[in-house]
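One structure below.
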Amino acid sequence: MDLERMVMDYTRVSDDAAILCRRRDFPRAVNVLQRRSPDRRRWRQAFRTVAVTADRNALDPKRRGWVEGALREVVSGVRDKGLQGELVLDAAAYNTQLELGEFIPRWTARELWRQADAVALPMEYLKQVTTLPTSIDAPIHAARVIVDCRRTADAHRALAVELTAALDPRALVDEYLPSLDRATLSRLEAMRAQQDAARRWRELAQRLFRGQ
């Protein structure tokens, strides 16, 4: 192993990628990804850094095409199918325009409607949090929709946690329910509603991600 490889392997992949991206040295940044074992923490963070930085830099079409193709090969080489999909979602979460390949199931708006109905989420709710095609038979941007569903689930969960913090601990114990005042019962009901909403949005995201 040469000295450069030894030094590289003992540094954090996320730090290496960030440094090379700041230098706009995308070929070496991609090489860093190729030489390290993929994982769901630092390597994934490094991939996200390379993808987002490359997308936001004003690269000429030829150079941009090379980076896009190289990153697509990196994703294709990941053996963990779940991680492959998460990498595509990471790119979508930052609104990149990179085409990384088909690692997430394809869905039409009609199929999304059926999946949403299965978890009791009206399409009117989806239209409020994500962008959908005007035609019911048109394909959706699955990665974008999944990201938006996850964000909505997180927002409901945060509200539930906030409501829980304001509750008397006894409100969470069934045997104390008869003695609770109306205001506490109302907060408890609101908390449970937020928890249920978070669960349904999260379940829809999982269905779309896994192709159920």
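The values are calculated or read from the model by the stated rules, or taken from the named source; none is laboratory data. Here the structure is a predicted model, which is why all the values come from computation and not from measurement. With ideal geometry, Cβ positions are generated from the backbone for all residues, glycine too; neighbour counts draw on all protein chains shown.
Say whether the condition of being without any contact (Cβ under 8 Å) to a residue 60 or more places away in the chain, of a type outside the set (A, V, I, L, M, F, W, C), crowded, with 21+ Cβ neighbours inside 10 Å and assigned to a helix (DSSP H, G or I) is met by at least one residue in region 54-63. Within region 54-63, none of the residues are without any contact (Cβ under 8 Å) to a residue 60 or more places away in the chain, of a type outside the set (A, V, I, L, M, F, W, C), crowded, with 21+ Cβ neighbours inside 10 Å and assigned to a helix (DSSP H, G or I). Only a single criterion out of (1) closer than 19 Å to VAL147 by Cβ; (2) in the same structural domain as ALA18 (by TED's automatic domain parsing) is not satisfied by GLY101, namely (2). When restricted to residues that are free of Cβ contacts under 8 Å to residues at least 24 places away in the same chain and touching a Lys or Arg at 6+ places or on another chain (Cβ under 9 Å), region 116-151 contains 3. Total residues in region 136-171 satisfying the condition of being among the charged types (D, E, K, R) and buried (at least 20 other Cβ atoms within 10 Å of the Cβ): the figure is 1.
Looking at VAL13, VAL30 in this structure, which one is in contact with a Leu (Cβ under 8 Å, 6 or more places away or on another chain), at pLDDT 95 or above and not small (Gly, Ala, Ser)? Let's see the steps before the verdict.
Working: VAL13 fails: at pLDDT 95 or above.
Going through VAL13, VAL30 in turn, the sole match is VAL30.
Exactly one residue out of ARG35, ARG56, ARG48, ARG63 is among the charged types (D, E, K, R) and at pLDDT 95 or above, and it is ARG48.
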